[in-house]
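Following: one structure in structure tokens, then a few remarks.
The values are calculated or read from the model by the stated rules, or taken from the named source; none is laboratory data. These numbers come from a predicted model, not from an experiment. Cβ sites come from the backbone with ideal geometry, for glycine too, and all protein chains shown count toward neighbours.
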């Protein structure tokens, strides 16, 4: 469990403790509001209906407020997902920060084997020290659901801008040339393609 998740859970527990204390002093404490055996007009006349409605409203807000952040703090695992590499096409600031670290938006392009490229938008929090290094053209390791590519999770960003698979591809290409399986011209052409993608 990471630091953000711990802070989120601690905040929820503190909020619940505060609501519990208000509930106790309002409805169970020494000077509590008596609800039983009283009609609605009696509660309105005594002025005790207003605190009850305010408490219910606060309880509703307290329950609904954390929900938008739930998926952000505890991202859903992509079950039966495929791990792949994606190219970052676009980067933008979402104007959201978590522990002084910015949340950024990314437009990613995945090229599944034998299929047309997919473009998916995702959001993720990056270290503020690395935020300036996240630029179009870098490679991201992702896990996505092939049936619904919008269900994607970014596992890692290669912020040095290098394709982690480029070195192995160049090595394999050199091996093919050394074994006489491709010509020197084919080697040169393919090598330029790999270097151009960096």
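One table, with the values for the structure above:
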item	result
Test: residue in segment 65-75 that is out of contact with any helix residue (DSSP H, G or I) (no Cβ under 9 Å at 6 or more places or on another chain), modelled with pLDDT under 75 and not in a helix (DSSP H, G or I)	yes
Members of segment 80-98 that are at positive phi and without any contact (Cβ under 8 Å) to a residue 40 or more places away in the chain	95
Among the candidates 141, 93, 100, 145, residue that is outside the structural domain of residue 9 (by TED's automatic domain parsing), loosely packed, with under 12 Cβ neighbours inside 10 Å, touching a strand residue (DSSP E or B) at 6+ places or on another chain (Cβ under 8 Å) and at pLDDT 80 or above	93
Qualifying residue in segment 108-122 (condition: modelled with pLDDT of 85 or more, within 12 Å of the chain's Cα centre (by Cα) and either closer than 23 Å to residue 4 by Cα or assigned by TED's automatic domain parsing to the domain that holds residue 9 (or both))	yes
Residue match in segment 78-95 (condition: in a strand (DSSP E or B) and closer than 26 Å to residue 15 by Cα)	yes
Among residues of segment 43-63, those that are in contact with a helix residue (DSSP H, G or I) (Cβ under 9 Å, 6 or more places away or on another chain), farther than 30 Å from residue 11 by Cβ and in a helix (DSSP H, G or I), counted	3
Residue that is farthest from the chain's Cα centre (by Cα) [pool: residues in segment 143-153 that are in a strand (DSSP E or B) and in contact (Cβ under 8 Å) with a residue 60 or more places away in the chain]	145
Pairs with Cβ under 8 Å, 6+ apart, first in segment 178-194 and without any contact (Cβ under 8 Å) to a residue 24 or more places away in the chain, second surrounded by fewer than 10 Cβ atoms within 10 Å (Cβ to Cβ) and assigned to a helix (DSSP H, G or I)	none
Qualifying residue in segment 159-175 (condition: at pLDDT below 80 and closer than 16 Å to residue 82 by Cβ)	yes
When residues of segment 123-142 are limited to those that are part of a strand (DSSP E or B) and within 16 Å of residue 92 (Cβ to Cβ), the one farthest from the chain's Cα centre (by Cα)	140
Residue count for segment 1-39, restricted to those that are part of a helix (DSSP H, G or I), in contact with a helix residue (DSSP H, G or I) (Cβ under 7 Å, 6 or more places away or on another chain) and surrounded by fewer than 14 Cβ atoms within 10 Å (Cβ to Cβ)	1
